[in-house]
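A quick write-up on the structure given underneath.
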Amino acid sequence: MPQIPEKIHELTVGQLAARSGAAVSALHFYESKGLISSRRTSGNQRRFSRDALRRVAFVRAAQRVGIPLATIREALSELPEGRTPTRDDWARLSASWRSELDERIKQLNRLRDHLTDCIGCGCLSLDTCVLSNPDDAFGETRAGSRLLVERKSPHPAGGNCAPTSANCD
């Protein structure tokens, strides 16, 4: 991994990519989303301050655990401009994200545990399908896991027309 001499206070996008392990396109994307910032030289080239390295590491770590970019951007916006996120910053933010991650883990475990039942059905038409009809919310009024479009009126030729369809049976 290339080292950055201490006297260099700004990095090109290539240097930032090499040091952070992020693709140049990812860095451009992060910048477009307000996660990192750069200044432009007189030749219109991007220059990133050294703190961008820590910010990129922060973004990538948060992404790996499933934190949405908008949430990451909000967290980084709380830091003063030019200050790198510290261990304390990470500890505070990761603690606030923990309950959200725990809830997602519970949801994924429920989906995993019920996936075999659904595949065993073969057509997703169980009376109570935990994936398509959680808690059998529609069991009182309809059967199966699909919601059928209610048909409004009989077609004059004897068929039925769906209210949202231009074609009739």
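The values are calculated or read from the model by the stated rules, or taken from the named source; none is laboratory data. If you're wondering where the values come from, they're calculated on a predicted model, not measured in any experiment. Glycine also receives a Cβ, built like all others from the backbone with ideal geometry; neighbour counts cover every protein chain displayed. Side chains are part of the model used for accessible areas, which takes the heavy atoms of the whole protein and leaves out ligands, DNA and RNA. Shrake-Rupley method; radii C 1.70, N 1.55, O 1.52, S 1.80 Å.
Restricted to segment 66-85, and to residues that are among the hydroxyl-bearing types (Ser, Thr, Tyr) and modelled with pLDDT under 85, which residue is surrounded by the fewest Cβ atoms within 10 Å (Cβ to Cβ)?
At the first step, the residues of segment 66-85 found to be among the hydroxyl-bearing types (Ser, Thr, Tyr) are 71, 77, 84.
Checking the rest, the ones that are also modelled with pLDDT under 85 come to 77, 84.
Values: Ser77: 10, Thr84: 15.
Restricting to residues being among the hydroxyl-bearing types (Ser, Thr, Tyr) and modelled with pLDDT under 85, the top hit is Ser77.
Anything in segment 30-44 that is under 15 Å from Ile72 (Cβ atoms) and surrounded by 14 or more Cβ atoms within 10 Å (Cβ to Cβ)? List them, or say none.
In the first step, residues of segment 30-44 are kept if they are under 15 Å from Ile72 (Cβ atoms); the result is 30-37.
Passing the criteria: Tyr30, Glu31, Gly34, Leu35, Ile36, Ser37.
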Is it fair to say Arg47 is within 25 Å of Gly21 (Cα to Cα), modelled with pLDDT of 90 or more, touching a Lys or Arg at 6+ places or on another chain (Cβ under 8 Å) and surrounded by 13 or more Cβ atoms within 10 Å (Cβ to Cβ)?
yes
Within the set of pairs 6+ apart or on separate chains, which have a first residue in segment 103-122 that is within 19 Å of Val65 (Cβ to Cβ), a second that is open to solvent by less than 90 Å² (accessible area, probe 1.4 Å) and at pLDDT 80 or above, and C-beta atoms under 9 Å apart?
Arg104/Gly66
Residue by residue through segment 31-87, note down the ones that are more than 22 Å from Thr12 (Cβ to Cβ), assigned to a loop (DSSP other than H, G, I, E, B) and without any contact (Cβ under 8 Å) to a residue 12 or more places away in the chain.
Pro68, Glu78, Leu79, Pro80, Thr86
